[in-house]
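Reviewing the structure listed below.
Please treat every number below as a calculation from the coordinates, not as lab data. All values reported here derive from a predicted model rather than from experimental measurement. Please note: Cβ atoms are built from the backbone with ideal geometry, for glycine as well, and neighbour counts cover all protein chains shown.
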């Protein structure tokens, strides 16, 4: 007899957890739809040729590969084994892999269906992805991504819209966030003017420590990374940026005056601030030059969202990438997108106790089962309740009252109905409110209005 | 440059297809919930030890196996290759597989979480499954199952409830169906009284041909399968069952008088007919002794649903299985369940043109983009519309009018709003109904009520 388990880093979701997760997906989905995004779905499996080489060497290793079915050993030689070259052999016996994110499958989708798509194409996609990462707290091998992207439009109005969406989603969740904004072109501009194009990451990491360790130590760190004194000198006005966001923009424009790319970046980010100013967002939008996520692919805006009341990493991120589809043979398509991290949002909602109390994942009403005669009487009554939208169930067995009540209890069913000889004679139902303990005889119609107003 | 494709037997779903599929899932889900079922989700990957040996030898071959990550060749010897024993080697390099159905993962879930579950446990689950079947029309390697099961209750009220659910779901879809019912115990009883316990399948196949080829030919076929003349003799009253369902039950009871198992089967099915008679179902429930699906695991009721107006296989099926969880170390748990075939239901709805016209998968309203000034004016207006639940979008680029209109057209957006100099001055919006071509100046409030009533 085997004792069953599930693969490391994967999870089962109980009815309560599933309902909470659905609440997250539903909220995000409805906001996406309010902004005109359309849902697509792609297969869990993609050809390895689609996935390989898109996530860096490390990413390739984290792909879950699927064994070719049938006589997969046909292509493999004994030398493949004695050589012990896993990577090489893996390619001979596997042609498919589980998707690693939703972005590459989306790019593949856009290229494959380009003749059916009207651009700009606004799509959202909420599906699981798989990564053979070492499992740890808050990191899973199967998790959901909730992406929205617009492809085929260079307009910065798209960035504005995605920020509105972020603001709206977190307002609906009741999670206070800071929406951090940067622009890859500003970072490129900075690297350009100090002549250290390949040191962008070191520079942003150092700037990030400014609050904690002060200017002097930051400068020491920059020097230790091999950045010249002259470059560090030029960097000072950026380290010392101060005042309102608008004032920072002016300072940046001065510093970046000689870099057309840098100036373009400032102009782009300024446009976004201008437009969101018209919209009285509920969460604060901040310029954050230390934001350097996705430097390999983002080419314009970089967006990151942090929860203000919980210590946790980024809970949403995104940015603009040019040439998403170039690798699949469709160059010149620019895109911008965001991705909500459903698992982290789940943790935040749980920690702050923000899941709405009235989200229902259970029956409204349990009928106690006293026997065949009562069951026969109740079946049509329940049919009537259900056509009025009341979720009800009859305990299937004639079990002890205590057992039936405890079933209602552990399933958080708010109402229990008791119908015995007397009630049948009088055409009534004894309705018990499980929270208050109150019970009273009512009609079907009264149940409908009682529970609807509950 | 690679030309992208997707694995054989898998599918991309466009926004329209996704919306239609969501309509199917949503309908089934809401009915499940009306009857008190609770949703769970399980991981796409299961340990192969959980999956292997549960679906017969053929099923094992159809499992998609996932390559162990890292140095998977560690356990494999050069002989494994030279021997060419694929099956043996596969087990050394793979420990996980994609789930093949939702029933085995559910059994695994019940056993793993038995201490947290209050029985009877009514769960539903709507997730994809994967099978390395040869792809063909209507058969895919990735497809969704929509299952509901009750475990931990022997009550036949569960069967009644599942039949109600089937009736309700197909009524909501507008698909006329025949719900066919059989009972494994009746089939066992028949085999028992004719002394041919191992010939159940041959007998049901032969009975199935009765209408087409007549009694005489059926008897010939039975004889050709090695069934004795004496047995064929005893089978005649069953072949000749006639009259109403109730009359058939009486005839069956006579024939099966010497088989307690067979009589129990008739009693069970009669109970279900009695109870559903109280419920004036919209679809016909019929006794069908030729129904022999899942003979390997069903132990009581066998249910199958056929569409009346489309030639297609079974679109929903189910039954009762005892001892679902026995293999994982939890004996004595009886269950009964059904599974809606979403892909076939999709085909039926499409063929009969039954997808509701007003299911929305797109924006209500597109604002034409005339330039920066207009965009700035529209952003807060659209915010107002969205808080009233109107799905709207601004075309992100200042493209030619014709291009913007054709975007609305191909995305089936029913309304287009035009706001230029004049409209801004007058605080109006020119609203165009894309179907009638009618256009008129309106206020934001008028748009809200117009579109809500649309």
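Below, the figures for the structure above:
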| quantity | calculated |
| --- | --- |
| Rg over Rh, two decimals, the range B:231-372 (C-alpha only, Kirkwood Rh) | 1.18 |
| Shortest-first nm distances, residue B:215 label point to equivalent points in other copies (7 Å, Cα→Cβ) | 10.7 |
| Gyration tensor verdict on the range A:342-384 (Cα atoms; rounded if a/c is under 1.5, prolate if a/b is larger than b/c, oblate otherwise) | prolate |
| Inter-site label distance for residue A:223 and residue A:383 at 7 Å from Cα along Cβ, in nm | 8.7 |
| Average beta carbon contacts from partner chains per residue of B:385-397, 10 Å cutoff | 5 |
| Relative contact order for chain B, counting Cα pairs under 8 Å that sit 6 or more residues apart, in percent | 15 |
| Shielding by partners, peptide A:373-379 (average Cβ within 10 angstrom, other chains) | 3 |
| Nearest 10 degrees, 0 to 90: helix A:372-387 Cα axis against chain A principal axis | 40 |
| Shape category assigned to the range A:362-452 from the gyration tensor of Cα positions, a/c cut at 1.5 | rounded |
| Label-point gap, in nm, between residue B:444 and residue B:373 - each point 7 angstrom along Cα→Cβ | 2.1 |
| Cα pair count fraction exceeding 39 Å, expressed as % - chain A | 41 |
| Shortest-first distances to equivalent copies, position residue A:25, nm, label 7 Å out along Cβ | 0.5 |
| Nearest-first distances (nm) between copies at residue B:61, label 7 Å from Cα via Cβ | 3.8 |
| Semi-axis lengths (Å, descending) of the ellipsoid that matches the C-alpha gyration tensor of the range B:176-308 | 24, 17, 14 |
| Rg over Rh [alpha-carbon atoms, Kirkwood Rh] for the protein assembly as shown | 1.01 |
| Between 0 and 90°, nearest 10: helix A:103-112 axis offset from chain A longest Cα axis | 90 |
| Highest average packing first - B:436-442, B:309-315, Cβ atoms within 10 Å | B:309-315, B:436-442 |
| Sites residue B:354 and residue B:453, calculated FRET efficiency, Cβ-Cβ separation with R0 25 Å, nearest 0.05 | 0.50 |
| Label-reachable residues, the range A:270-297, where backbone N falls under 20 Å from a point 7 Å from residue A:242's Cα toward its Cβ | A:287-290 |
| Folded to 0 to 90 degrees: helix B:260-277 orientation relative to chain B principal axis, Cα | 30 |
